[in-house]
Amino acid sequence: MSSVPSGAIGPRDNNNNNDLLPRHSLVQPPNVEIDYQKFESEYLVHAISIDRTKVSKATKILRGFTLEERGIQDVVLDETDPEKRKRLVLLKRESFAAKAVADFLPEDVRKRLEDEVGISLVSGDGKNDEENEGVVKEHRITLDYKYHTAEYVLKQLLPDGMETPSAFEQVGHVAHVNLREEFLPYKYTIAKVIADKNSRIRTVVNKVGAIDSMFRVPNWELLYGDADLKATVKQHGYSFEVDFGKVYWNSRLETEHKRLVDVEFKRGEVIVDAMAGVGPFVVPAVKTKGCRVYASDLNPDCFEMMQKNVKLNKIEDSVKLYNMDARAFIKSLLEPAAGKSSDDAPEEMWARELSAYEQELKKFREKIKANEKGNEEDEKETEDNNTKKKSEKKRKRLEETSVPKPNWSTMTAREEAKNTSVPPSGATFDHIVMNLPATAVEFLDCLKHSFDRKTWENRKLPTVHAYAFRPPGHTDRDVISRAEGHLGCPIKNAKVFEVRDVAPNKAMVCVSFQITEEQAFGSSPS
Ligand SMILES: C[S@@+](CC[C@H](N)C(=O)[O-])C[C@H]1O[C@@H](n2cnc3c(N)ncnc32)[C@H](O)[C@@H]1O
């Protein structure tokens, strides 16, 4: 694992070439004292004492007139009742401003209370109050720090007239904020309030400056809690382990990850993810579309976390992971399978293994069926639903152990596949994903005329999905022109999908296009 520098955010150490890594400041933040008393206040409301058996009916009739304070119950125990049978139904704050409850509750509501629940309102005078029903009492409501929203608390703590910074992103126990300059003098207070008001948050970090490290990890400054930036995140219903201090993760890309998998990938396709991060395209592609994936990321920590996430989601059989530069990775996959017949190309091998497996499975099932036929009569009499389910499970287990499924990720017939640090040459695939919007299009040059005609004979050429930024004043056509410049060929069939705004008038987009014969091979077949 690479080490992440901590301490004050400072200039990079050029001798260490550490522009790959972020510069965090993860020193323990100062303790912030909040004057909690400042947030305490009280007020009185009217409350009607009602036997607990009638509360449900009465509150229905009183709907719209009972206390509506976030987090405060409108029915509480009547402490004056020695038998603890009575409850106090609290009325709205405005009820206390009225001279009598009768002035606050309309006549028809009072009548319904009498007719339907048998309660007539009486002003409490202290005498026999605990025996009577319908006694109207005073009840004290106490508000404190816990009651108030983060926005309210910050309004009291920040200078008059200052806006309150309420937006933060939460991943696991970590909240990250992106505080504007004017909030920086109050950053520790803001972080403390965010943590106080959100019980799951244990750590608050602020994103400092623009992301300038090659691995796209923001520079974090710790504002609250401990410097533990490891979290487990759910996306598309799948779990991902992420260490924010070391790898890129952006929850706002969830919709885009889902779109690409749901809309662009087809069942069983082969995907190349060249800047895969910790696997947010990889996992759903395998899980929801049964795809097989070659995935790589240059950041060794991403590679390590991607391995963990593949295990966590039990998709080891369908993925091959690498820790390589995207250009070298793609070039290696596109290398012709030199000196070997095209039959040894990974996709051909896989097709053969799969077909052999399916034949074996068929034979095995026929054998089992023949064996079962003899026992059928006995079974008919004895098998209830439960035993049927059990024997079905047993059959499945037997099937799995007798005819093991081929494992795509450990197909070892080829030398290259044995060496797991180098992708197999002669691979064929359906999509290439490059999600590094700052520079992904610059990698397109590695595709030009890099395809081996023999390997790709009878195979559909892949579709590229390269992410890019579209700066203010630029059009989709400008983004495509940039891609064309790097690919070194015209791109006539590109679709540009707007992913999200990253700044005013600056969008992240996805340029998708299918590689043409001209781009792949340089000339039409002779
Ligand atoms: C914007 S992140 C995207 C990660 C992931 N695909 C996602 O959607 O969340 C870009 C990733 O590219 C990786 N990266 C940067 N330069 C690279 C390179 N030359 N080759 C391969 N990966 C690279 C970074 O480490 C980072 O994980």
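The values are calculated or read from the model by the stated rules, or taken from the named source; none is laboratory data. In this text, all values refer to a predicted model and were calculated from it rather than measured experimentally. So basically every Cβ, Gly included, is an ideal-geometry build from the backbone, and we count neighbours across all protein chains shown. Surface accessibility is based on the protein's heavy atoms, side chains included, excluding ligands, DNA and RNA. Shrake-Rupley method; radii C 1.70, N 1.55, O 1.52, S 1.80 Å.
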Given the pairs LYS314/LYS362; LYS192/LYS234; LYS230/LYS405; LYS234/LYS394, which span a C-alpha to C-alpha distance of over 29 angstrom in this model?
LYS230/LYS405; LYS234/LYS394
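What is the chain by shape, rounded, prolate or oblate, if you read a ≥ b ≥ c off the alpha carbon gyration tensor as root eigenvalues and call it rounded for a/c under 1.5, prolate for a/b larger than b/c, and oblate otherwise?
Details: a/c = 2.86, a/b = 1.63, b/c = 1.76.
Verdict is oblate for the chain.
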Charge dipole (debye, nearest 20) of the chain; +1 at Cβ of Lys and Arg, -1 at Cβ of Asp and Glu
1180
Carbon + sulfur, % of accessible area of segment 344-410 - ligands and nucleic acids excluded, 1.4 Å:
49
Over the chain, with the other protein chains present, what is the accessible area per residue in square angstrom, probe 1.4 angstrom?
53
Candidate cut points under GluC sites (Glu not before Pro) in segment 246-301, DSSP loop plus at most 12 other Cβ atoms within 10 Å of their own Cβ, are none
Could you give me D for segment 42-143, from Stokes-Einstein at 20 °C and 1.002 mPa s, where the hydrodynamic radius is the Kirkwood radius over C-alpha pairs? Units µm² s⁻¹, please.
159
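Rounded to the nearest 500 deg cm²/dmol, what is the calculated helix-only ellipticity per residue at 222 nm for the chain, with -39500 (n - 2.57) per DSSP H run of length n ≥ 4?
-8500 deg cm²/dmol
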In square angstrom, rounded to the nearest 10, how much accessible surface does TYR224 have for a 1.4 Å probe?
70
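Largest first, how would GLU42, GLU353 line up by accessible area (1.4 Å probe)?
Result of the area sort, largest leading: GLU42, GLU353.
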Under a 1.4 Å probe, counting only protein heavy atoms, TRP220 has an accessible area in Å², nearest 10, of 10
Any idea what angle helix 476-487 forms with the longest principal axis of the chain, computed on alpha-carbon atoms, 0 to 90 degrees, nearest 10?
40
